[in-house]
Amino acid sequence: MSNDDDYVFDEATGEWRPASELVAEAAARDAVRDSAGNVLADGDSVVLIKDLKVKGAGQTLKQGTVIRSIRLTGNPDEIDCRTDTIKGLVLRTEFVRKR
């Protein structure tokens, strides 16, 4: 550990900790995760874990449907994606699993 590290008082633990450690923990908490807890990134492929009725499309996406090239939104609970039949689809991360 170098002497130039800034230390910040962590009120949760009551200890002085390196600021870099706290920044890394905050980034891990804010990561977008699927239903199994895997971290999702732009361009990943996901699989639906249950049948979903799509409002406004009159269609149901079946369990096991693979969705490629997802995009992350500002909300960690939602991803933006598209299928062959539905463009501009927003899915909740609780209904997908990383492929």
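What to note about this one:
- Segment 10-37, residues that are closer than 30 Å to V96 by Cβ, among the basic types (K, R) and at pLDDT 85 or above: R33
- Output for segment 26-58, where each listed residue is charged (D, E, K, R) and either at positive phi or surrounded by 12 or more Cβ atoms within 10 Å (Cβ to Cβ) (or both): R33, D34, D44, K50, D51
- Where a residue in segment 34-51 is in contact (Cβ under 8 Å) with a residue 60 or more places away in the chain and its partner, wherever it lies, is surrounded by 12 or more Cβ atoms within 10 Å (Cβ to Cβ) and assigned to a loop (DSSP other than H, G, I, E, B), with Cβ under 7 Å and at least six apart: D34/L40; S35/I49
- Answer residue from segment 23-57, given it is acidic (D, E) and outside any helix (DSSP H, G or I) and is nearest to T93 (Cα to Cα) among those: D34
- Hey, R82 surrounded by 11 or more Cβ atoms within 10 Å (Cβ to Cβ), of a type outside the set (V, I, T) and within 14 Å of the chain's Cα centre (by Cα) or not: no
- Members of segment 44-74 that are at pLDDT 90 or above, closer than 22 Å to R29 by Cβ and of a type outside the set (A, V, I, L, M, F, W, C): D44, R71, T73
- Criterion violated by A24 - all others in (1) out of contact with any Leu (no Cβ under 6 Å at 6 or more places or on another chain); (2) touching a residue at least 60 places away in the same chain (Cβ under 8 Å) satisfied: (2)
The values are calculated or read from the model by the stated rules, or taken from the named source; none is laboratory data. Fair warning: this is a prediction, and the values are worked out from it, not measured in the lab. Because the Cβ atoms are built from the backbone with ideal geometry, glycine has one as well, and the counts that use them run over all protein chains shown.
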